[in-house]
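Notes follow once the structure below has been shown.
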Amino acid sequence: MLNLMNRSIDNVEPVYIGEDEKQFEQEHINIEEVKILADNMDKIKDKKVILFLCRISEEKRPMFMLKVFEKLLKEDKNLVLLVVGDGPILKEMKNGAEKAHITENIIFFGMQENVKPFYKVSDVTVICSLIEGLTITTYESLAMNTPVVTADVGGQKELVDETCGRVVQNIQVAPKDGSYDRNYTEEEIERYAKAIAEGLDDKNNAKLKENCRKK
């Protein structure tokens, strides 16, 4: 505020995130609270679960997430992607999943008021956005013992580190004119796939989960 915006900081102070960690405690969350999730538990059972929870819009890169997931499936078919949220790209994301023939491994839940059970059943939460501040999703996920793989944007790396997830350096940058490029590089797709695979590894995942809520 002082260096970039040249304003007085006499009346500037930190304001802490408004999430109550007592409300995001895995052992107190009942999956049955969300019927649509409870009805899909057979599809999730015995699989490694990746959570993509956000507004389904260009800056969150849902189509990029599909590319990353498609790559992951080539190495491990025992994965399922939970897409929780709505937005202008949702229909296109569904169509993209069909074209890639990966719909059997993706469940689209749409917008949900109660997201806690989704964190509970997931092994890792992914944030691959081009623009963020420091997401509430990250706080909630860690509070629910779910590791986070996040883009190195905004203040994300102030919260996520190697002890509770992975921070990935984006190659693509947010466009100044609002026109988003869908020509994702193989290198960037590989970066995310590797980070997510590390997070899902049984040995790594157990250690990360232990640290998440402490972080």
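The values are calculated or read from the model by the stated rules, or taken from the named source; none is laboratory data. Bear in mind that the values here come from a model prediction, so they are computed numbers and not experimental data. Every residue, glycine among them, receives a Cβ derived from its backbone with ideal geometry; neighbour counts consider all protein chains shown. Calculation scope for accessible area: heavy atoms of the full protein, side chains included, ligands and nucleic acids excluded. Shrake-Rupley method; radii C 1.70, N 1.55, O 1.52, S 1.80 Å.
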In Å², rounded to a whole number, the accessible area per residue of the chain with probe 1.4 Å is 56
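What do the square roots of 5 times the Cα gyration tensor eigenvalues come to for the chain, in whole Å, largest first, as semi-axes of the equivalent ellipsoid?
Numbers: eigenvalues 144, 101, 57 Å².
Ellipsoid semi-axes (Å, largest first): 27, 22, 17.
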Here the gain from full extension of D152 to K47, 0.36 nm per residue of separation minus their alpha-carbon distance, amounts to 35.0 nm
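For region 1-157, what does the relative contact order come out to in percent, with C-alpha contacts under 8 Å and a separation of six or more?
Details: 215 pairs, mean separation 42.3, N = 157.
Answer for region 1-157 is 27 percent.
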Determine the share of region 70-139's accessible area contributed by carbon and sulfur atoms, expressed in whole percent, with a 1.4 angstrom probe.
47
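When you count, for each residue, the other Cβ atoms within 10 Å and take the mean per peptide, how do 147-157, 89-99, 120-130, 6-16 rank with the highest first?
On the way: 147-157: 21.1, 89-99: 15.6, 120-130: 24.5, 6-16: 7.1.
Most protected by this proxy first, the peptides run 120-130, 147-157, 89-99, 6-16.
Counting pairs of alpha carbon atoms under 8 Å apart in space and at least six apart in sequence, what relative contact order in percent does region 64-215 give? The partial results should precede the final answer.
Numbers: 201 pairs, mean separation 36.8, N = 152.
The value is 24 percent.
Note down the magnitude of the dipole of the chain about its Cα centre, charges +1 on Lys and Arg C-beta and -1 on Asp and Glu C-beta and zero elsewhere, to the nearest 20 debye. Working shown, then result.
Working: 31 positive and 39 negative charges, 71 e Å.
In debye, rounded to 20, the chain gives about 340.
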Area of I44 that stays accessible when all protein chains are in place (1.4 Å probe, Å², to 10)
10
Taking R0 as 25 Å, what FRET efficiency do you get between K91 and E32 from their Cβ-Cβ distance, rounded to the nearest 0.05?
0.30
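Quick check on packing: order 60-70, 203-213 by the mean number of other C-beta atoms within 10 Å, highest mean leading. Let's see the in-between values first.
Values: 60-70: 22.7, 203-213: 15.5.
My ranking of the peptides, most packed first, is 60-70, 203-213.
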